[in-house]
Structure formats: structure tokens, C-alpha cells
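Take a look at the structure below.
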Amino acid sequence: MDLSIVVPLYNEDESLRELAQWIERVCTKQKIASEVIFVDDGSTDKSWQVVEELKENIKELSIRGIKFQRNYGKSAALFCGFEAAEGDVVITMDADLQDSPDEIPELYKMITQEGYDLVSGWKKKRYDPFVKRFTSKFYNWTARKASGIYLHDFNCGLKAYKKDVVKNVEVYGEMHRYIPILAKEAGFKNIGEKIVQHQARKYGVTKFGLDRFINGFLDLMTLSFINRFGKRPMHFFGLLGSGVFVLGFIAAAIIGILKLMAIYGGYSARLVTDLPYFYISLVSMVIGAQMFLTGFLAELIMRNSQERNIYKIDTKI
Ligand code: UDP
Ligand code: MG
């Protein structure tokens with residue numbers, strides 16, 4: 001099998017036929033042996049019936065379908081599709097016809113001939129509401145800064161991968177937005193970009209609300225934190241905790257010195273609780289100790305984790 005096309009779908013019955021026929025046209029013309037894996041993420045409309053019908057009717061392509069018991073989210077759907085994929089190249093594509101199957105041959109070529117591990121689509125001209133375009137700019141900028149991967153459009157549904165890449169990344173939660181970052185962490189550095197055509201949604205409605213921006217941002221923070229300190233939490237919490245604790249200690253020392261100066265100078269000292277240093281020292285020592293402990297606990301958890309020493313071997317001779 002040359003190519004697997006993974007299509008996550010959630011209530012997209014209106015567009016599936018058109019999509020499958022279009023993919024069939026493109027792949028037959030290019031003579032690429034392809035399979036399409038529809039992952040039905042718990043649709044409540046007729047999507048699954050349509051997938052079954054397509055399996056019967058589409059002859060030139062191998063159509064496969066996986067149906068979830070309920071809605072688990074796009075990341076889960078992609079991950080499941082990745083596990084099932086058998087092609088040497090894997091392309092993911094949204095089911096809503098916003099991504100055009102006409103991009104398939106070029107993406108396929110970039111992976112097979114130009115040596116990319118991953119090629120992400122870039123919807124340079126987008127047909128989405130203003131709020132979405134605007135926030136997406138900001139969010140892509142942050143993702144670029146945090147990851148050092150220079151992509152314009154991390155969340156583009158249209159992406160192509162070498163088989164190795166999809167078998168080595170674990171897309172969970174809502175991490176489908178950051179697959180390039182996950183891929184880079186797994187050691188696949190050759191990440192490219194291709195400008196792709198984008199259409200306005202023809203049928204149905206978007207499945208992601210405004211909370212996507214908050215969640216997307218939080219996920220990004222998690223990723224960059226885990227990337228840097230996931231395997232050595234004490235280096236973050238321990239350092240910060242010790243620093244804060246030392247600050248508290250200095251404040252306490254100042255209180256002591258002031259007291260001593262008063263005693264030896266023969267004048268009456270201010271009450272300890274009247275001094276700002278008292279509060280600074282109190283708060284810093286408590287917070288510092290807590291951070292230190294957090295780091296220590298995180299290290300203990302890390303020691304027991306199955307992933308504490310994980311590595312993947314590329315080749316062996
Ligand atoms: N999707 C999914 N599970 C979900 C939400 C979305 O499989 O819980 C699919 C959806 O059917 C579509 C793709 O993910 O094929 C992208 O979703 P959508 O078009 O709603 O996102 P947008 O284009 O608005 O970013
Ligand atoms: Mg869409």
C-alpha cells in the first residue's frame with residue numbers, strides 16, 4: 001500500500017460521498033495505491049451508514065471504516081487511524097471538504113521524493129470567520145516561538161507523514177493541534193510546509209467552539225514544559241523553590257540583624273510583625289519549601305513512570 005488517507009469525522013454525512021469520490025478520482029489518476037480510513041468519532045447522524053455504503057460502492061480504492069462507541073475527539077480519531085494505517089505515506093484530511101483532495105499528489109511527492117518526514121498544509125488564504133483567523137495567527141506565532149518549528153499553520157487538518165512518524169507519536173487529549181511538535185520530539189526533524197487551497201465549510205457546522213483557543217494555549221504550555229522539564233522536574237521546581245527559600249531566609253536574617261542592632265544600640269526595636277521583612281520571609285519560606293517538595297514528589301513519580309527511560313531505535317546493524 002502506497003498511501004493511507006485518514007479522515008476523522010464527526011457528524012459529516014453530507015460531505016462524505018463527495019469527498020470519497022473526489023479522493024478516488026485523484027488517486028486513480030495518479031496511480032497511487034491508496035486506502036481511505038474513515039474514523040467515525042461517535043457520529044449521531046447517518047455518517048456511519050454512508051461509510052458502509054461507500055465501502056460497497058467505491059471500487060478503485062480500499063475503503064476502511066472504524067467507528068467509536070461515542071465521541072472521543074479528533075485526537076483519538078487520528079491516533080486510531082494512525083495505528084490502523086498500512087501505507088508508506090499517511091495523509092490526514094478533514095471530512096468537511098474544507099481541505100481539497102487535489103493536494104494529495106503533491107503532498108505525496110514531497111514525502112516520497114523530497115525526503116520530508118512531515119509536511120503540514122498552510123491555509124494561506126482562509127475562508128473562516130474573522131475571530132478564528134485572528135486568534136489563529138496569535139496562536140501559531142506562540143507555537144512557533146515555543147517549539148522552534150517554523151510552520152504558519154500548526155492546526156491544519158491536511159498533513160502528510162512518513163509511516164514511521166505516525167507510528168511513533170501518540171496523539172492524545174487535544175494534541176492533534178501540535179502533531180509537528182510531537183513529531184519533532186520523537187526525532188523527526190525534516191518538517192516542511194505546503195500552501196494548500198482552503199474552502200469555506202459547505203455542509204454541517206464546525207465542531208470546535210471558542211474554548212479551542214484556551215485549550216490550545218494550555219496544551220501548548222504543557223507541551224513546552226514537558227519537553228523541557230518532563231524528565232527532570234526537580235531542575236525546575238528545586239531551583240525555583242531553593243531560590244525563593246533563600247529570599248525568605250535573607251529577609252529573616254535582616255529581621256535578626258535589625259533586632260541585634262537595636263539591642264546593642266540601646267534603643268527599642270520595632271515589633272517583628274511591624275516589619276515588611278517578616279511577611280516576605282514568612283511567605284517565601286513556605287512557598288519555597290512547597291515548591292521544593294513539589295519537585296521532589298514529581299521526581300518520585302517520574303522514577304516510577306514506565307517512560308522514564310524511553311528511547312526508540314532507528315536502525316541497528
Ligand atoms: N472531528 C472529529 N471529532 C470531533 C470533532 C471534530 O472527528 O470531536 C472532525 C470533524 O468531523 C472534521 C475535523 O475533525 O472532519 C475538523 O473539524 P472541524 O471542521 O469542525 O474543525 P474546523 O475546520 O472548524 O477547525
Ligand atoms: Mg473544518
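For this structure, a couple of remarks:
- The requirement of being closer than 24 Å to PRO105 by Cβ and within 26 Å of the chain's Cα centre (by Cα) is fulfilled nowhere in the range 50-59; no residue meets it.
- Top-ranked residue of the range 183-224 - restricted to ones that are of a type in the set (Val, Ile, Thr) and within 16 Å of ligand 1 (Cβ to nearest atom), ranked as surrounded by the fewest Cβ atoms within 10 Å (Cβ to Cβ): VAL205
- ILE287 β-branched (Val, Ile, Thr), touching a residue at least 12 places away in the same chain (Cβ under 8 Å) and assigned to a helix (DSSP H, G or I): yes
- Within the range 77-94, the set of residues being under 21 Å from LYS29 (Cα atoms), within 11 Å of ligand 1 (Cβ to nearest atom) and in a loop (DSSP other than H, G, I, E, B) comprises just one member, MET93.
- In this entry, TYR172 is excluded by the filter for residues that are away from ligand 1 (no atom under 13 Å from the Cβ) and open to solvent by less than 10 Å² (accessible area, probe 1.4 Å).
- For PHE82, the criteria (1) farther than 26 Å from ILE181 by Cα; (2) open to solvent by less than 40 Å² (accessible area, probe 1.4 Å); (3) aromatic (Phe, Trp, Tyr) hold in every case but one, which is (1).
- Those residues of the range 25-76 which are hydroxyl-bearing (Ser, Thr, Tyr), open to solvent by 20 Å² or more (accessible area, probe 1.4 Å) and within 12 Å of ligand 1 (Cβ to nearest atom), in sequence order: THR44, TYR72
- Within the range 95-134, considering residues that are part of a loop (DSSP other than H, G, I, E, B) and of a type in the set (S, T, N, Q), the one farthest from ligand 1 (Cβ to nearest atom): GLN113
- The residues listed here are TYR150, TYR108; of these, the one that is more than 16 Å from ligand 2 (Cβ to nearest atom) and either under 21 Å from LYS312 (Cβ atoms) or without any contact (Cβ under 8 Å) to a residue 60 or more places away in the chain (or both) is TYR150.
- Among the residues listed as GLY65, GLY81, GLY87, the single one being away from ligand 2 (no atom under 16 Å from the Cβ), touching a Pro at 6+ places or on another chain (Cβ under 7 Å) and on the phi < 0 side of the Ramachandran plot: GLY81
- Of residues in the range 1-24 being away from ligand 1 (no atom under 11 Å from the Cβ) and part of a loop (DSSP other than H, G, I, E, B), the one farthest from CYS156 (Cα to Cα): MET1
- Only a single criterion out of (1) open to solvent by less than 10 Å² (accessible area, probe 1.4 Å); (2) touching a Ser or Thr at 6+ places or on another chain (Cβ under 7 Å) is not satisfied by ASP13, namely (1).
The values are calculated or read from the model by the stated rules, or taken from the named source; none is laboratory data. Computed from a predicted structure; not experimentally measured. All Cβ positions, glycine included, derive from the backbone under ideal geometry; neighbour counts span all protein chains shown. Surface areas here come from the heavy atoms of the whole protein model, side chains and all, with no ligands, DNA or RNA. Shrake-Rupley method; radii C 1.70, N 1.55, O 1.52, S 1.80 Å.
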